[in-house]
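Here's the structure we're looking at; comments come further down.
The values are calculated or read from the model by the stated rules, or taken from the named source; none is laboratory data. Keep in mind that what you see is a predicted model, and the values were worked out from it rather than measured. Here the Cβ positions follow ideal geometry from the backbone for every residue, glycine too, while neighbour counts run over all protein chains shown.
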Amino acid sequence: MSSSSSSQPRIAIIGSGAIGGFLAARLALAGRHPTLCVRSPVEELILESGGETHRVPVAIATDPSTEGPAEFVLLTTKAQDTAGAEPWLSALCRAGTTLVVVQNGIDHEARVAPYAAGATILPALAYAGAERVAPGHVRHHTGSSLVVPKGEAGAALASLFAGSGVGIEQDEDFLTASWTKLLGNLAANPVTALTMRRMEVFSDPGTRALALSLLEEAVTVGRASGARLAEDQAQKTLTVLLGYNPAGGSSMLYDRLAGRPLEHEYLTGAVVRAAQRHGIDVPANRTVLALLAALSDGLAGARRGP
């Protein structure tokens, strides 16, 4: 791990998907020097954002054995790929490293702890709609912030991203923030992936009704889990969803289109498992989870071939 300025912290970003590429590009454009840790190298990052196209030179690493510890490690892989990032985490993390887990779901710390190698784990929720349209090429649609727990590590991350265009919001109630973000993903991701349609799918009354059922079940489970969710949180979330760009998609839709594994076990699956712990029935979410599991199995079979 090298940096062009010894006075700057060493930054490693694991994962070359939309969020990893977006954060790496924003840091580089702000004068930081992140290293993007990937399987296949790219010559540069291309970021489309706000009507502009930025070509961003960035350091690339493809072999964990050549890398040393970093002050900041941003894990931006999908939640289901966490174990596969273990070689990178072992090389980059140590006591004194802040490991920022930029993933969906509600159990960031438990998921990453076995691989953290003594690092301080900082869970982060990404509010940034971005799409990887080609290796090293990210199209940013909307939003540009990370929500993290309030504290020393969160303040350090805010300093790291100062001037980058990525806001760092520190929340004293990260449990509620996590469930609120989960609600934001819970309808849009599965429904767009299952129907192979973008956000305009929610113009259909039946689809809106399904979305509301998914959200109402999850709010009940979230409140039982200790999240401070309002009684009308489901309707509020649906109202926000209906305000999205109809031409926009979701990360799960993009994964299906690309034939990649789906993140259903960490979104819908997280709700179903929490519901089971609390003895709450969630029939809409159970049904959607079964459909997503079948879809994901089919995609896996297609990747393996005949």
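What to note about this one:
- For first residues located in the stretch 1-27 and within 20 Å of V147 (Cβ to Cβ) and not assigned by TED's automatic domain parsing to the domain that holds V101, partners that are among the charged types (D, E, K, R) and modelled with pLDDT under 95 and lie 6+ apart or on another chain with Cβ distances below 6 Å do not occur.
- Among residues of the stretch 74-103 that are over 15 Å from G118 (Cα atoms), those with a Cβ under 8 angstrom from a residue that is of a type in the set (D, E), sequence gap 6+ or separate chain, pair up as K78/D255; K78/E263; A79/E263; A79/E265; Q80/E263; Q80/E265.
- Residue selected from the stretch 37-70 under the condition of a type in the set (D, E, K, R) and within 21 Å of the chain's Cα centre (by Cα), by the criterion nearest to S164 (Cα to Cα): E48
- Within the span defined as the stretch 213-221, one or more residues are touching a helix residue (DSSP H, G or I) at 6+ places or on another chain (Cβ under 7 Å), surrounded by fewer than 22 Cβ atoms within 10 Å (Cβ to Cβ) and at pLDDT 95 or above.
- Any hit, the stretch 211-224, residues being hydroxyl-bearing (S, T, Y), out of contact with any strand residue (DSSP E or B) (no Cβ under 9 Å at 6 or more places or on another chain) and not in a loop (DSSP other than H, G, I, E, B): yes
- The set of residues in the stretch 128-160 that are of a type in the set (S, T, Y) and touching a residue at least 60 places away in the same chain (Cβ under 8 Å) comprises T142, S144.
- Test: R32 is surrounded by 19 or more Cβ atoms within 10 Å (Cβ to Cβ), assigned by TED's automatic domain parsing to the domain that holds S159 and not in a strand (DSSP E or B): yes
- Criterion violated by L262 - all others in (1) under 19 Å from the mean Cα position of the chain (by Cα); (2) among the hydrophobic types (A, V, I, L, M, F, W, C); (3) at pLDDT 95 or above satisfied: (3)
- Of all residues making up the stretch 226-238, the number that are over 17 Å from A209 (Cα atoms) and surrounded by 19 or more Cβ atoms within 10 Å (Cβ to Cβ): 2
- Evaluating L253 against the criteria (1) farther than 20 Å from G17 by Cβ; (2) in a helix (DSSP H, G or I); (3) out of contact with any His (no Cβ under 8 Å at 6 or more places or on another chain) leaves one unmet condition, (1).
- Failed criterion for G167 (all others in (1) outside the structural domain of L27 (by TED's automatic domain parsing); (2) out of contact with any helix residue (DSSP H, G or I) (no Cβ under 6 Å at 6 or more places or on another chain); (3) small (G, A, S) hold): (1)
- Boolean, L99 is within 12 Å of the chain's Cα centre (by Cα) and not aromatic (F, W, Y): no
- Against the test of being farther than 20 Å from L175 by Cα, modelled with pLDDT of 95 or more, part of a helix (DSSP H, G or I) and in contact with a helix residue (DSSP H, G or I) (Cβ under 9 Å, 6 or more places away or on another chain), the options R208, R277, R273 yield a single qualifying residue, R208.
- Residue that is within 25 Å of S16 (Cβ to Cβ) and out of contact with any His (no Cβ under 7 Å at 6 or more places or on another chain), where the choices are A209, A177, A153, A130: A153
- Boolean, A177 is in a helix (DSSP H, G or I) and either at pLDDT below 95 or in contact with an Asp or Glu (Cβ under 9 Å, 6 or more places away or on another chain) (or both): yes
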